[in-house]
């Protein structure tokens, strides 16, 4: 009975909703029923909201048809967004390259550049942007999200799991003075001093990485460290005979002609010496 009442209330209020008023007394998604719902953001696939128990988000495809229509759900667009996200997630597949090409293992610079690009793809994943509403309690960080500079990790030994910080998790919503009108889910964010070196956009917070993602970064760091060592090794000293061989190779006709002239001269001298000895 309770679920039936929730469904009826949901349908009754759908028709009265306007774009400027994203408040629902109840929201039913399958067997889940949320109360006192305030919608904070809607994407092609998902709806994000607050409710009397905290934060929530669900797939638009799982909503009642009337609510799908209200939130402009388009199955084709949702599928396209999902495919794009899957494509972006290819960084995590073993052996996957961000360029689509496998770097030559014999080229440490190419291998290192590929590993760096893959680390950047993991570290700089997009986070959920929410529109700030009047009743939203948001903690603001200032100035900006991060201090200037970044420590270069010791790629051969560091474990980024040990330096992951999740202080944002204590707030439902956070923002910075660099993001007016925008809020972010605190539980989705992290700071890590050992990945900051690869932050490409410091005007935005960074996604909290999973255990598998941090292990992948550790693996890529070892590759980067190994390649750096190879690139920093002093080149072997040039053997003493190398300049001579290089000159001979570059002036082969002259060298051959000179050698023949020397042979002829030596034969002539030998011939003269023989004639003198005979006389």
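Here, each number is a calculation from the coordinates, and none is a lab measurement. Everything numeric in this text was worked out from a predicted model, so none of it was measured. Cβ atoms come from the backbone with ideal geometry, glycine included; neighbour counts cover every protein chain shown.
Can you tell me how the stretch 148-214 classifies by the Cα gyration tensor, rounded, prolate or oblate, using a/c under 1.5 as the rounded cut?
It is oblate, given that a/c is not under 1.5 and a/b is not larger than b/c.
Among 206, 61, rank each residue by its count of other Cβ atoms within 10 Å, from fewest to most, as a rough exposure measure. Don't skip to the end; give the middle numbers.
On the way: 206 23, 61 12.
Ranking 206, 61 by Cβ neighbours within 10 Å, fewest first, gives 61, 206.
Is the shape of the stretch 90-232 rounded, prolate or oblate, going by the alpha carbon gyration tensor and its root eigenvalues a ≥ b ≥ c, with a/c under 1.5 for rounded and a/b larger than b/c for prolate?
Here the stretch 90-232 falls in the prolate category.
Along the Cα→Cβ direction, 7 angstrom out, place labels at residue 161 and residue 74. What is the inter-label distance in nm?
Computed distance between label sites residue 161 and residue 74 equals 4.3 nm.
What ranking do 192-199, 28-35 get when scored by the average of other Cβ atoms within 10 Å per residue, highest first?
On the way: 192-199: 19.8, 28-35: 14.1.
The densest-packed peptide leads the list: 192-199, 28-35.
Taking a quarter of the surface of the convex hull around the Cα atoms of the stretch 175-214, what do you get in nm²?
On the way: hull surface 12.7 nm².
The number I arrive at for the stretch 175-214 is 3.2 nm².
Once fully extended, how much extra length lies between residue 38 and residue 211, figured as 0.36 nm per residue of separation less the alpha-carbon to alpha-carbon distance?
Working it through step by step, the gained length comes to 59.1 nm.
If you rank 114, 46 by fewest surrounding Cβ atoms within 10 Å, what's the result?
Working: 114 22, 46 18.
Placing the least packed residue first, the sequence is 46, 114.
Estimate the FRET efficiency between residue 262 and residue 219 by the formula 1/(1 + (r/R0)^6), using the beta-carbon distance for r and 51 Å for R0, to the nearest 0.05.
Details: r = 62 Å, r/R0 = 1.23.
Rounded to the nearest 0.05, the efficiency is 0.25.
If the chain between residue 226 and residue 110 were fully stretched, how many nm would it gain, using 0.36 nm times the residue separation less the Cα-Cα distance?
Net length gain for the segment: 40.5 nm.
Among 271, 187, rank each residue by its count of other Cβ atoms within 10 Å, from fewest to most, as a rough exposure measure.
In order of increasing Cβ crowding within 10 Å: 271, 187.
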